[in-house]
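Let me begin by presenting the structure, written as structure tokens, before commenting on it.
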Amino acid sequence: MGIYYHPKTRGSEDSSVQTVASEPSAPVDSGGYHGHAPEKRMIWWKVDRRILPVAILLYFFSWLDRTNVGNARVAGLQDDLKLTPAQYSMALTVTFVPYILVELPSNLVLKIIGPDRLLPGLLLCWGIVATCQGFVHNYTELVLCRFFLGLFEGGLYPGLVVWLSSFYPRDFLQFRIAIVGASVALAGAFSGLLAFAISNMHGVGGRPAWSWIFILEGAVTVFFGVLSFWLLPASLESAKFLTGEEKDYVLSRLRETNVIDDGENDGKFDWREVGETFKLPHFWLLFVISFLGGVFNYGVGYFAPSIVHSLGFSSIQSQLMTVPPFAAGFIINLVTAYLADIYHSRGLVVIFSAICSAIGISIYLGSADKWVLYGSLFLVIGGGGCGGPAFVTWQANNTSPYIRRATGVAMLAIMNNAGGILSTWLLGSLSPAPRYSKAMLVMLVFSCLIAVIAVINIAYLRHQNERKRVIRERMRKEDEPSGLGDRSAWFVYIL
């Protein structure tokens, strides 16, 4: 076995994505299409054009149907249903409870049921529930809809991350997850535009504008849910869009970057591997980051229209004014993820995101000018949103084998949604408009904590890579026990 390094590597091994190659002279791919042979570029392009559009639309509809309640609130939902601030917060909180309960079990059975059946099935079910929200008449009916929406949506994102990680090498993954995650910003922008247009439908069919937001957006989700049963390949092996030779090449790259561990039992369920996940220090550091990030991400996702509305814009203007900050977030997300894949740096993106959000929130807290406050949202939403894909990719990159990776990603999703519960109360009732001062102060502290914990995680992973380097100098890979996963001396952590 030979060891080679990515051409972008600078300095010591611990800052590189070091891989074990069966062919020392094998070409090394980069996070984008550049830097390798045209035939290899074509293979990854075939994977991207077949996998990414489906994943993007799945997550786009998930986020759209989850957060369009914020647009519906501005369009009159809370007033028409006579909801108190506490009741509105409770309706949002109820969504997160089943989310948290189903994320880990869903990820653990993903390979058994098959992502080609489980993920489209979830999409279809929550699309029906999302549509039903347009017909609610009171608080109880809204709470029931939000509960079942969370129940069916909960398994989607962690399942998508694990599904994507089975198609791409570790140093390709963040850009792809960021493209999918950037659909959050796209959904936020699109939801604002659509809500702006639908606001003119008030009274059509005897229904208020907020009702049509749910009905129309939910109906599109149902349609794509049915279609997606024919669009998702279950695995690389069943991907009909690749030839046998192309599959062999992708599989070789997955083995080289330790996505596939030759010692693992092909992803068969093993409670021991579930338990091993909780023994990893870097898992716990990202576990905390995910909770803190969830408070921020969901606070922005659910309450951006309300925050803009509180600045003095009309209801219809507020729907439209949420579009530019989310559009900026879409671009920043893709740029930072692309650079992170090339330079193999997840932690720096998390730190950058935390700093952007901290600066934006500080400006928001320190100014009284409407346009300065609105401008700060570009930092809060645009800059702060790129951290989510980075830390979930960080977890997926550095946990192996399959069951350990599926567990780690699911637990991050659980904590992210737990943070969402806190955000619904911070911005929903505990920190009133127009300034949301208490909530903004809490999110400022959390942003700073995210940056500090990310630095600690980088230092820890760097130390572990150095320790593994020493072990590799003293022994052969053949002498190491199989099935160690990310604890193997030949598994180098991505920083």
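The values are calculated or read from the model by the stated rules, or taken from the named source; none is laboratory data. Here the structure is a predicted model, which is why all the values come from computation and not from measurement. Here the Cβ is made from the backbone with ideal geometry for all residues, glycine too, and neighbour counts use every protein chain on show. These accessible areas exclude ligands, DNA and RNA; they are computed on the full protein's heavy atoms, side chains included. Shrake-Rupley method; radii C 1.70, N 1.55, O 1.52, S 1.80 Å.
Summary of values
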| item | result |
| --- | --- |
| Residue check, Ile403 surrounded by 19 or more Cβ atoms within 10 Å (Cβ to Cβ) and under 18 Å from the mean Cα position of the chain (by Cα) | no |
| Contacts under 6 angstrom Cβ, first residue in the range 447-476 being within 27 Å of Met415 (Cβ to Cβ) and open to solvent by less than 20 Å² (accessible area, probe 1.4 Å), partner not in a helix (DSSP H, G or I) and not acidic (Asp, Glu), 6 or more apart | Leu461/Tyr493; Leu461/Leu495; Asn465/Val492; Asn465/Tyr493 |
| Some residue of the range 198-212 being farther than 15 Å from Val392 by Cβ, open to solvent by 50 Å² or more (accessible area, probe 1.4 Å) and not in a helix (DSSP H, G or I) | yes |
| The range 160-186: number of residues that are modelled with pLDDT of 80 or more, open to solvent by 10 Å² or more (accessible area, probe 1.4 Å) and over 15 Å from Gly408 (Cβ atoms) | 2 |
| Checking Ser199 against (1) under 30 Å from His344 (Cα atoms); (2) modelled with pLDDT under 90, the condition it does not meet | (1) |
| Of all residues making up the range 213-251, the number that are outside any loop (DSSP other than H, G, I, E, B), open to solvent by less than 40 Å² (accessible area, probe 1.4 Å) and small (Gly, Ala, Ser) | 3 |
| Ser362 surrounded by 24 or more Cβ atoms within 10 Å (Cβ to Cβ) and modelled with pLDDT of 85 or more | no |
| Out of Ser431, Ser447, sole residue that is at pLDDT below 85 and of a type in the set (Gly, Ala, Ser) | Ser431 |
| Count of residues meeting criterion [among the β-branched types (Val, Ile, Thr), in contact with a Ser or Thr (Cβ under 9 Å, 6 or more places away or on another chain) and farther than 13 Å from Leu292 by Cβ] in the range 422-457 | 1 |
| Residues satisfying the stated conditions in the range 290-322, i.e. among the aliphatic types (A, V, I, L, M) and under 20 Å from the mean Cα position of the chain (by Cα) | Leu292, Val295, Val300, Ala304 |
| Checklist (1) of a type in the set (Ser, Thr, Tyr); (2) in contact with a Phe, Trp or Tyr (Cβ under 8 Å, 6 or more places away or on another chain); (3) over 22 Å from Arg176 (Cα atoms) applied to Thr336, failing item | (3) |
| All positions within the range 239-258 that are in contact (Cβ under 8 Å) with a residue 12 or more places away in the chain and under 21 Å from Arg49 (Cα atoms) | Ala239, Phe241, Leu242, Glu246, Tyr249, Val250, Leu251, Ser252, Arg253, Leu254 |
| Answer from Ser431, Ser488 - the residue that is more than 30 Å from Glu153 (Cβ to Cβ) and of a type in the set (S, T, N, Q) | Ser488 |
| Odd one out for Glu103 among (1) open to solvent by 10 Å² or more (accessible area, probe 1.4 Å); (2) touching a residue at least 40 places away in the same chain (Cβ under 8 Å) | (1) |
| Filter pass, Val226 being aliphatic (A, V, I, L, M), more than 30 Å from Val350 (Cα to Cα) and in contact (Cβ under 8 Å) with a residue 12 or more places away in the chain | yes |
| Selected residue (criterion: least open to solvent (accessible area, probe 1.4 Å)) from residues of the range 33-62 that are modelled with pLDDT under 85 and not in a loop (DSSP other than H, G, I, E, B) | Lys40 |
| Selection within the range 317-335 - crowded, with 24+ Cβ neighbours inside 10 Å and either closer than 15 Å to Val392 by Cβ or free of Cβ contacts under 8 Å to residues at least 24 places away in the same chain (or both) | Asn333 |
| Qualifying residue in the range 438-445 (condition: of a type outside the set (A, V, I, L, M) and either touching a residue at least 24 places away in the same chain (Cβ under 8 Å) or in a loop (DSSP other than H, G, I, E, B) (or both)) | no |
| Residue satisfying condition, being out of contact with any Asp or Glu (no Cβ under 9 Å at 6 or more places or on another chain), closer than 28 Å to Ile56 by Cβ and open to solvent by 10 Å² or more (accessible area, probe 1.4 Å), within set Leu108, Leu92 | Leu108 |
| Residue that is modelled with pLDDT under 85 and of a type in the set (Lys, Arg), where the choices are Lys247, Lys268 | Lys268 |
| The range 67-84: number of residues that are modelled with pLDDT of 85 or more and in a helix (DSSP H, G or I) | 8 |
| Hits in the range 360-378 (condition: among the aliphatic types (A, V, I, L, M) and assigned to a helix (DSSP H, G or I)) | Ile361, Ile363, Leu365, Val372, Leu373, Leu377 |
